[in-house]
Amino acid sequence: MRLSQASFPRFLLVGGSFALIYSLLAAFLTAVLPFVAPLSAAIAWLACIPPAWFCQRRFTFQGAQARKGGGILYLLPQCLGMMIAAGAGWLFATGAFLADTLVYLLASALAAVVSYAITRLVIFTNPT
């Protein structure tokens, strides 16, 4: 099944917005609060999942019917994304806000591509 050309730019817009929120929140938690980088990344990622699901369903796939259990299935690529983000934080975060923001943005970009493919091919098999 071919990935929809119309839904991918919307996915990137919505996902990019949440990636920015996630990156700033994770960098803030690492730089300002006494959290270790992987924990900061995981907390920030978990905080972004519910609003991201709502926005992806509503705007990216424009209310297309998700496969039964789609909300639960959405957690799978998000868990993979959280592992990517936590791993990037563990390997590369230094506690410097700007540098860590870049680390988390790059991790978010990788996670976004994986997440789109899984979400589009498994959860929303008939988006507009």
Note to self: If amide hydrogens are placed 1.01 Å from N in the peptide plane, which non-local residues have theirs closer than 5 Å to the one on Ala64?
What the structure shows: Thr128
Notebook entry, point to check: How far apart, in nm, are two points set 7 Å out from the Cα along the Cα-to-Cβ line at Phe54 and at Leu76?
Noted result: 2.5 nm
Next item on the list: Quote to one decimal, in nm, the extra length available between Gln65 and Phe97 on full extension: 0.36 nm per residue of separation minus the C-alpha distance between them.
Entry: 7.6 nm
Notebook entry, point to check: What accessible area per residue comes out for the chain, rounded to a whole number of Å², with a 1.4 Å probe?
Noted result: 54 Å²
Note to self: For a quick size check, give me the Cα extents of the chain along its three principal axes, largest first, whole Å.
What the structure shows: 43, 25, 20
Notebook entry, point to check: What is the gain in length, in nm to one decimal, between Leu46 and Phe28 on full extension, counting 0.36 nm per residue of separation less the C-alpha to C-alpha distance?
Noted result: 5.0 nm
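The values are calculated or read from the model by the stated rules, or taken from the named source; none is laboratory data. Values in this document were obtained by computation on a predicted structure and should not be read as measured data. Glycine gets a Cβ as well: all are built from the backbone with ideal geometry, and neighbour counts include every protein chain shown. Calculation scope for accessible area: heavy atoms of the full protein, side chains included, ligands and nucleic acids excluded. Shrake-Rupley method; radii C 1.70, N 1.55, O 1.52, S 1.80 Å.
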